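Enquirer: Sharing a structure below in structure tokens format, with a few things to ask.
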Amino acid sequence: MKKIYLLVCCFFMVAFLNVSTCFAQSNIVESPNVKININGKASTYSNVPIIVSGRTLLPFREISQNLGVDDNNIIWNASEKSVTVHKDSIKIYLKIGDTTAYVNDQPVIIDVAPIIYKYRTYIPVRFISQSFGMKVGWDSISHTVLIKNESDYNEIKDILTNVDQSMNSLKSYRSKFKGDLKISIDTNYISKQEIISESDNIKRFLYFTLKSSVAFDDKHINDTIKFFSDGVMAYTNVDNEWYERMLDNEESEGMFSFEKLASNDLLSTGLSIDNSDLPDTIVLKGNIDIKEFTQSFLNLEQIEGCSFNSVSAKMIIDRNTYHVLSVQIEAVGTSKSLDGSEFNLLIECEYMDFDTDIEILAPDGLIVG
């Protein structure tokens, strides 16, 4: 009788534990598409990243090693179900199921407690990275966790701040923007855009020509749109007819200012200095989307709900003046508005003729004012 009683108790205990485990792990989402970028380089993991309550968790031993922790300084205490990690003068202590962690013996409340998932201990990547004094960002377009040493982050931030100041202080410049988009749906869709523009920031004149070429298999559509603005009114030429509208203050200011790259912390986290053979230049590279450029192109294409499977960006800057010379973005992704079809995107933008005497006149056939 006693044996039967014990067996029944054991049965209910196991059933309870299984239910509890299922309940706890029902909030866990495996995210194999999440990428981890540390100091500009992709890091790999043998165990899948997971999302718990909106936070990314990684296997503690692998993320610790990728952050530069020696394996001898990663300690698992089976009886306590705790992990201790030492790096330089920093000691981190976490316990499974406990939202109170300790950094150098000081308590810190974390959003998500460490858990055991598929026999592996997972810890929140943002907490351990920031505890080691690193900057952490999240690029929602490329699904990438960006981690960078604070000194490297500050160096990139300073460069981008100088770029903003330099580009926005220019009186005038020319730019050439090219965008190629290839989509494989029922038919092959290829779109090419080219914008050649001139901007006089003092007189508040902007003029550009947009040439568009779209191909559906053997069908080709070519179009040209002209745009002119005096900072107050916008004039657009479609099918050889001009249309005008008044700009609001935000549009007018945005039209005559360079993209605010320094205000984007993700770029400071995701871009790294590339040792280049190009003399007198700074080359920044990274697997990150420069949204100020891609959004303008994708808006032209009216593509929404984009998600990048892979993306790379490259920016070349004049080392002496901090003028941007070129920006290049390559991406492969999918879009909800394209029924999940894959697209390939290439964007190239060049800047030239800085502070030259550019005389921007209203196009022929347009009467301004």
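Bear in mind that the values in this text are calculations on the coordinates, not laboratory data. Model, not experiment: these values are computed from the prediction. Here Cβ is always computed from backbone atoms with ideal geometry, including for glycine, and neighbour counts include all displayed protein chains.
Enquirer: For the pairs Lys182/Lys226; Lys176/Lys314; Lys148/Lys182; Lys41/Lys81; Lys226/Lys336; Lys192/Lys285, flag any whose C-alpha to C-alpha distance is greater than 22 Å.
Expert: Lys182/Lys226; Lys148/Lys182; Lys41/Lys81; Lys226/Lys336; Lys192/Lys285
Enquirer: Still on this structure: Name the most mobile residue of Leu298, Leu266, Leu278, meaning the one with the largest mean-square fluctuation, in a Gaussian network model of the chain with Cα contacts below 10 Å.
Expert: Among Leu298, Leu266, Leu278, the largest GNM mean-square fluctuation belongs to Leu278.
Enquirer: Could I ask something else about it? Amide H neighbours of Lys35 under 5 Å, at least 5 residues apart or on other chains, H built in the peptide plane: list them.
Expert: It is Thr144, Val145, by chain and number.
Enquirer: Longest span of the chain, sites excluded, free of GluC sites (Glu not before Pro) in DSSP loop with at most 15 other C-beta atoms within 10 Å?
Expert: 81-303
Enquirer: How big is the range 31-132 along each principal axis, measuring the range of its Cα positions in Å and listing the largest first?
Expert: Ordered largest first, the range 31-132 gives principal extents of 34, 27, 22 Å.
Enquirer: Just to confirm the filter: which chymotrypsin sites (Phe, Trp or Tyr not before Pro) across the range 51-142 are DSSP coil and have at most 14 other Cβ within 10 angstrom of their Cβ?
Expert: Sites meeting the loop and neighbour criteria: Tyr119.
Enquirer: Oh, and also: Under the rule of -39500 (n - 2.57) per DSSP H run of 4 or more residues, summed and divided by the residues of the chain, what mean residue ellipticity at 222 nm is obtained, to the nearest 500 deg cm²/dmol?
Expert: Calculated mean residue ellipticity at 222 nm is -6500 deg cm²/dmol.
Enquirer: Per q in 0.14, 0.15, 0.20, 0.22 Å⁻¹, report the Debye log10 I(q)/I(0) for the range 74-181, using one uniform scatterer on each alpha carbon and no solvent.
Expert: Debye intensities relative to I(0), on a log10 scale: -0.72, -0.78, -1.14, -1.26.
Enquirer: What is the Rg over Rh value, at two decimals, for the chain, using alpha-carbon atoms and the Kirkwood definition of Rh?
Expert: A ratio of 1.11.
Enquirer: Among Gln106, Gln130, Gln193, determine the one that fluctuates most according to a GNM of the chain built with springs between C-alpha atoms less than 10 Å apart.
Expert: Of Gln106, Gln130, Gln193, the Gaussian network model singles out Gln106 as fluctuating most.
Enquirer: Of all the Cα-Cα pairs you can form in the range 199-289, what percent are over 22 Å apart? Working shown, then result.
Expert: Numbers: 2342 of 4095 pairs.
The answer is 57 percent, as a whole percent.
Enquirer: Any idea what diffusion coefficient the range 269-369 gets from Stokes-Einstein, in µm²/s, Kirkwood Rh on alpha carbon pairs, 4 °C, 1.567 mPa s?
Expert: Roughly 81 µm²/s, to the nearest whole number.
Enquirer: To continue, here is another question. Would you kindly work out the equivalent ellipsoid of the range 151-352 from its C-alpha gyration tensor and give its semi-axes, the square roots of five times the eigenvalues, largest first in whole Å?
Expert: Details: eigenvalues 157, 122, 41 Å².
In descending order, the three semi-axes are 28, 25, 14 Å.
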